[in-house]
Amino acid sequence: MVSSEWWRSAVIYQVYPRSFADSDGDGLGDLPGITSRLTALSALGVDAVWLSPFYTSPQNDAGYDVADYCDVDPRFGALSDFDELVAEAHRLGLRVIVDLVPNHTSSQHEWFQEALRAPEGSPERARYLFRDGKGPGGALPPNNWDSVFGGPAWTRVDRPDGTPGQWYLHLFDTSQPDLDWENPWVREQFHGILRFWLDRGVDGFRVDVAHGLIKKAGLPDYSPPKGIASMGGHVEDPPYWAQPGVHAIYRDWRSLLDEYPGERVLVAEAWVNPLSKLAHWVRPDEMDQAFNFDYLGTAWDASAIRKVIKGSLAAFGKVGAPSTWVLSNHDVVRHATRLAITTANPQGDGIGPKSPDKPNRVTGLRRARAATLLMLALPGSAYIYQGEELGLPEDMELPDSARQDPTWFRTNHKRYGRDGCRVPIPWEAGSPAYGFSPTGKSWLPQPADWAGYARDAQEGESGSTLELYRSALALRAQNSLGVGSVEWLRGFPPEVVAFRNGSVTVIANFGTGIVPLPRATRALTSEPVSDELPGETTVWLTMDRE
Ligand code: TEU
């Protein structure tokens, strides 16, 4: 593996372990399943994989509720399976990034169980954010904060004698108590956790909720402005997001990672606005990359896309960090569906049978292919979420009885949540569970009409979404687009985004009309193209034609 700040231009593939490949037939994906399918990812042409959590966990939030940071949940395998996965990935030239969930533990973690058994005011309690309630008898929560998943962010616990006691903070589910990062003991524990995985050979960490670890002193009341998503997305910072104290934590981690050879990386999952503020997470002595959720959240609109690309390159460039680009992940509606949604759809709401919008699948896929081809031509690092290379849509028909996202339960079924983008992916059109699981089991039911999306149905098929991704990744590498730059091109209609990155000219038509193309060789197109560029299509051009 070449070692020259590989992450600056890397294409990183997100594996969501429970839905990637199931080797033992229980319907839940696992580590040996991932290992057995890694060759498909190296054939796709990605540089690294990021694994969502596979640690010991009661799985109340699909593993983002960790009960033991230094072990593998038996449902996913064992530590030896993890070691084999890393060895095989490295053999194939793929780096491995693991998810680190420091904002909260599972309520099943022994740290929390010990805290529950310990008296109020004890060092064990001080690992978390236990507070007295307000009002007579402390019967009201300590403040008015809401959980990201809906409902209050506080839960009351009983004293050993059975009488009601203090409350603890959980920005997410009740089963995910927030740690108190002002406590040096907590910081110390995470040094050990980072070292544990670094010693096992991981190439870096994706840091969950990297904007949430420090809460404003005194935990003051806060009411978000109306219409603002709970994860942020506004300039004013709530007392639980983007507090300045988080940065010291990442500086500390940076120096710890720098003790290890091989350019280990820290990636921030921080829902922070504006981009100029998000860039604080990737200053030279902090993390390496931050997910660009502004880009992900940008509508299907040429001028908005131009603006976010310019803003991203400027904001990250100012601190010497690469920009990242991402269109899908396990928390958002898949972009092959999202880009055809016409009504407001706040992140985390999901989309289901009773949603007002019925996004058109053909339009969604067409836009998704065009959007991806645009994204993969941009300089910086790009993220791909498992299944998007197959053109998978969101599963909008999941039966209510199958849903598992805490959002669904905590909002009394008002928000569908994120299950629709987490359905196990199809590998083989004609196999049980489309090759996901040998027994045909699947923890979320797969739609009956997904055979056409299966990897084996698309392999070698010219024009398939899989082959589009493969060609794009190969050309991206050949032309070093990841380390290039954007030179905007003039002379196109406003609904067109056009730029040059090194030897490749990129023209993306967000409108529905036809746009004449300059004379050049068409290296790659998201749809069949003649001398003109049809609507909702992106083309990569190289070399002038005579
Ligand atoms: O997500 C951060 C986060 O809170 C949102 O993306 C969230 O999923 C959304 O707003 C819900 O509506 C990270 C993980 O990616 C997510 O899967 C976890 O549930 C969450 O943290 C808690 O660990």
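The values are calculated or read from the model by the stated rules, or taken from the named source; none is laboratory data. The shown structure was predicted, so the numbers you read here are calculated from the model rather than taken from an experiment. Don't worry about glycine lacking a Cβ; one is built from the backbone with ideal geometry, like all the others, and counts go over all protein chains shown. Each accessible area value is taken on the protein alone, full model and side chains, heavy atoms only, with ligands, DNA and RNA left out. Shrake-Rupley method; radii C 1.70, N 1.55, O 1.52, S 1.80 Å.
Here is how the numbers come out for the structure above:
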quantity: At most 11 other Cβ within 10 Å, DSSP loop - GluC sites (Glu not before Pro), the stretch 404-483; calculated: Glu461
quantity: Added length on full extension, which subtracts the Cα-Cα distance from 0.36 nm per residue, Thr512 to Lys414; calculated: 31.8 nm
quantity: The chain: calculated mean residue ellipticity at 222 nm from DSSP helix runs of at least 4, using -39500 (n - 2.57); calculated: -7000 deg cm²/dmol
quantity: Tyr222/Asp161 FRET efficiency (R0 35 Å; Cβ-Cβ; nearest 0.05); calculated: 0.55
quantity: Qualifying aspartates and glutamates (Cα of each under 20 Å from Cα of Lys414; at least 8 residues distant if same chain); calculated: Asp61, Asp146, Asp173, Asp331, Asp349, Asp357, Glu394, Asp395, Glu397, Asp400, Asp405
quantity: Straight-distance crosslink candidates among aspartates and glutamates, where the alpha carbon sits under 12 Å from Lys307 and sequence neighbours closer than 8 are dropped; calculated: Asp294
quantity: For the stretch 257-291 and the stretch 99-147, distance of Cα centres in Å; calculated: 29
quantity: Rounded, prolate or oblate (a/c below 1.5 giving rounded, otherwise prolate when a/b exceeds b/c) for the stretch 485-543 by Cα gyration tensor; calculated: oblate
quantity: Between the stretch 11-38 and the stretch 469-546, the alpha-carbon center distance in angstrom; calculated: 34
quantity: The stretch 15-32 - phi-based ³J(HN,Hα) in whole Hz, Karplus 6.51/-1.76/1.60, Gly and Pro as x; calculated: 9, 9, x, 5, 10, 9, 7, 9, 8, 9, x, 8, x, 10, x, 8, 5, x
quantity: 1.4 Å probe accessible area per residue over the chain, in Å²; calculated: 37
quantity: Portion, in percent, of the accessible area of the stretch 48-107 that falls on carbon or sulfur, probe 1.4 Å; calculated: 48
quantity: Residues of type lysines that Lys310 reaches as a straight line, Cα spacing below 19 Å, ignoring anything fewer than 8 places off in the same chain; calculated: Lys277, Lys318
quantity: Integer Hz, Karplus 6.51/-1.76/1.60 couplings in order for the stretch 499-514, x for Gly and Pro; calculated: 8, 10, 10, x, 8, 10, 9, 10, 10, 10, 9, 7, x, 10, x, 8
quantity: Estimated D of the chain in µm² per second, where Rh is the Kirkwood radius over Cα pairs and Stokes-Einstein applies at 10 °C, 1.306 mPa s; calculated: 66
quantity: Accessible surface of the stretch 312-416, 1.4 Å probe, proportion on carbon and sulfur as whole %; calculated: 56
quantity: Contact order relative to length of the chain, as percent, for alpha carbon pairs under 8 angstrom and 6 or more apart; calculated: 13
quantity: Of all accessible heavy-atom area on the stretch 485-543, the percent that carbon and sulfur account for (1.4 Å); calculated: 53
